[in-house]
Amino acid sequence: MSRLACVVALALLAACASQNEGQGPDGGPIVGEVGAARDRAKLHTELAGLYYSRGNMNVALEELRIAVAADSSFAQAYGLYGLVYWELKQNVQAEQNFDRALRLAPNDPEINHNYGWFLCNTAREKESITYFMNAARNPLYPTPWRSYSVAGLCSLRLKNVKDAEDYFQLALRADPDEPLSLLQLAQIRYRQGRVLEARTMVERHNKLVTPSAESLWLALRIERRGGQKVAEQSYATQLRRRYPASDEFRKLQRGEYD
């Protein structure tokens, strides 16, 4: 599973700690023993998230068992259960827990996002888009670009370039520095022959984050197409130095530019 899921899980925990503070499943205040139970569920879900991010799935599962024993209506615990079981390649259990989380909190943007990512990565890309849109269009969701950007990726897997382009553009409207969308839209622009736009986007991407083999290879081909030999050689040198075992470097060695 992509490391994106780890980031997603930690964001989920931050959201459940802040957005749901002092609220019951119906949005009303928590009082007395019910409030104490919810607090225990939150605490153990947060601990489970930390163990999950460190790769200790057994302890994460134990913390989640404690969480749902304390409060069986705490949706975020089941959402994280889904991520843990997915990491363990137990997809049936993962889906059951995502489903329970969504029944408890159908509008929760993090749970929708995570379930969409699960669907996209288990050959159900078309289904995933609905959940990404549920997340991105929630006015309380602080990071809609995350869902738009992965909706674009999943659309590309379906070979639906037009929708992918639209989703990447929506992501960049929400956050002009979203690296994934910058790179993927640059790829699309390059294939469309809009080389100047592609160059601007990939250069911006490479300034925001450490250049990947994919982004260096795209930048190299852009400069090659534009006849910029010095810049092309510079990217070739970076690709060879940073990613000598990459598919992109092997393509460079074979001269397979397009």
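The values are calculated or read from the model by the stated rules, or taken from the named source; none is laboratory data. Here the structure is a predicted model, which is why all the values come from computation and not from measurement. Backbone-built Cβ (ideal geometry, glycine too); neighbour counts: all protein chains shown. Remember, those area values only see protein heavy atoms, side chains included, never the ligands or the DNA or RNA. Shrake-Rupley method; radii C 1.70, N 1.55, O 1.52, S 1.80 Å.
Go through region 166-194 and count every residue that is open to solvent by less than 30 Å² (accessible area, probe 1.4 Å) and either farther than 24 Å from Pro142 by Cα or polar (S, T, N, Q) (or both).
Number satisfying all stated conditions: 7.
Residues being open to solvent by less than 50 Å² (accessible area, probe 1.4 Å) and either in a helix (DSSP H, G or I) or in contact with a Ser or Thr (Cβ under 9 Å, 6 or more places away or on another chain) (or both): count how many of those fall in region 139-165.
Looking only at that region, the number is 15.
May I ask you to list pairs of residues, at least six apart or on different chains, whose Cβ atoms are under 6 Å apart, with the first in region 238-254 being surrounded by 14 or more Cβ atoms within 10 Å (Cβ to Cβ) and the second being not in a helix (DSSP H, G or I)?
That search, which allows pairs on different chains as well, returns Phe249/Tyr243.
Any residue that is over 16 Å from His113 (Cβ atoms), modelled with pLDDT of 50 or more and assigned to a helix (DSSP H, G or I) - is there at least one of those in region 13-23?
Scanning region 13-23, I find no residue that is over 16 Å from His113 (Cβ atoms), modelled with pLDDT of 50 or more and assigned to a helix (DSSP H, G or I), so the answer is no.
Condition first: open to solvent by less than 90 Å² (accessible area, probe 1.4 Å), under 30 Å from Ala171 (Cα atoms) and not in a helix (DSSP H, G or I). Now tell me which residues in region 199-237 satisfy that.
Val209, Pro211, Ser212, Gly226 - these are the residues of region 199-237 that are open to solvent by less than 90 Å² (accessible area, probe 1.4 Å), under 30 Å from Ala171 (Cα atoms) and not in a helix (DSSP H, G or I).
Can you find a residue that is in contact with a Phe, Trp or Tyr (Cβ under 6 Å, 6 or more places away or on another chain), β-branched (Val, Ile, Thr) and part of a helix (DSSP H, G or I) anywhere in region 75-88?
Checked region 75-88: at least one residue is in contact with a Phe, Trp or Tyr (Cβ under 6 Å, 6 or more places away or on another chain), β-branched (Val, Ile, Thr) and part of a helix (DSSP H, G or I).
Give the residue that is surrounded by the fewest Cβ atoms within 10 Å (Cβ to Cβ), with candidates limited to residues of region 120-138 that are free of Cβ contacts under 8 Å to residues at least 24 places away in the same chain and of a type in the set (A, V, I, L, M).
Ala123
Return yes or no: is Val92 at pLDDT 95 or above, buried (at least 22 other Cβ atoms within 10 Å of the Cβ) and assigned to a helix (DSSP H, G or I)?
No; evaluated as a whole, the condition is false for this residue.
Hey, can you tell me all the residues within region 106-119 that are crowded, with 18+ Cβ neighbours inside 10 Å and closer than 12 Å to Ala135 by Cβ?
Listed by number, the residues that qualify are Asp108, Pro109, Glu110, Ile111, Asn112, His113, Asn114, Tyr115, Gly116, Trp117.
Looking at region 96-119, is at least one residue more than 29 Å from Tyr78 (Cβ to Cβ) and part of a helix (DSSP H, G or I)?
Checked against the condition, which is being more than 29 Å from Tyr78 (Cβ to Cβ) and part of a helix (DSSP H, G or I), region 96-119 yields no hits at all.
With Asp71, Asp99 as the choices, which residue is acidic (Asp, Glu), farther than 25 Å from Asn160 by Cβ, surrounded by 15 or more Cβ atoms within 10 Å (Cβ to Cβ) and without any contact (Cβ under 8 Å) to a residue 40 or more places away in the chain?
After applying the criteria, what remains is Asp71.
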